[in-house]
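Peer 1: Got a structure for you, written out below as structure tokens; questions coming shortly.
The values are calculated or read from the model by the stated rules, or taken from the named source; none is laboratory data. Just so it is clear, the structure is predicted and the values come from calculations on it, not from any experiment. Neighbour counts run over all protein chains shown; Cβ positions are idealised from the backbone, glycine included. Each accessible area value is taken on the protein alone, full model and side chains, heavy atoms only, with ligands, DNA and RNA left out. Shrake-Rupley method; radii C 1.70, N 1.55, O 1.52, S 1.80 Å.
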Amino acid sequence: MTRGRLADRDAVAFGFSALCACIGVLIWTLWVLPVAASVSDADPVPLGRGATVELQEGERVGIWGSGVSAMLGTLECSVSGPAGAELSQRAGPSLSWDDTLWWMTPKRGFEQHTQFTAVRAGVHTVTCADSLDTYDGEFLVAGDAFGSGAIGLGRTGGNDFAVGTLLAFGAVFCLPVAVVLPVVILVRRRVTRRRSTGDAERAHASWTQFPEP
């Protein structure tokens, strides 16, 4: 492979590394840290009791659960809006915060159960209980880590990936790539330079051993 082609590939790799760094910083600044802070500030409520939260119209939040009921999947929650109407909830994507960023959850053992969006501004009431009425646990209302919608990726954009999945993956992938990729390139360049220098020295030494007559 020629030096020019290697230089072009290195330039593309450095550009990709810079892009990963920007994306990683944005994800952590706008998503990871705010969600973690909201979970930290929320007060847990025992199952069987209700929690009230003031929301703006269109605001999306998550219901986080902890304890045996949440672990076994028997946690059930209901949400009522300011007018008393029950709001629908949505489960998370296949790859979510709990798969990649569990260590960033300030309250140990809490995982997001569902999400809901406020249809009208006002006080919303969230009530959670164990469906078997057997196990205990707690829940809280905090920031949503599931996200909404999907983004089409792939050659034709036909493969849809949930936004929450892309954020969960990007949070743990982008910044390490942004650091490791330039290091790998620099190490390879240094090794290549040493090999080239060594080859040149050996060629010079062999040339001097057989001087012209």
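Peer 1: Projecting each Cα onto the charge dipole of the range 85-178 (Lys/Arg +1, Asp/Glu -1 at the beta carbon, about the Cα centre), which of GLY122, THR100, VAL172 comes out farthest on the positive side?
Peer 2: VAL172
Peer 1: Computing the accessible area with a 1.4 Å probe over protein heavy atoms, can you report the carbon and sulfur percentage for the range 127-187?
Peer 2: For the range 127-187, the apolar C and S fraction of the accessible surface comes to 64 percent.
Peer 1: ALA121 versus GLU54, label points 7 Å from Cα toward the beta carbon: distance in nm?
Peer 2: Modelled inter-label distance: 1.1 nm.
Peer 1: Exactly which GluC sites (Glu not before Pro) in the range 1-60 are in a DSSP loop and have at most 11 other Cβ atoms within 10 Å?
Peer 2: GLU57
Peer 1: If you stretched the chain out fully between VAL187 and ASP133, how much longer would it get, using 0.36 nm times the residue separation minus the C-alpha to C-alpha distance?
Peer 2: So the chain would gain 13.5 nm between VAL187 and ASP133.
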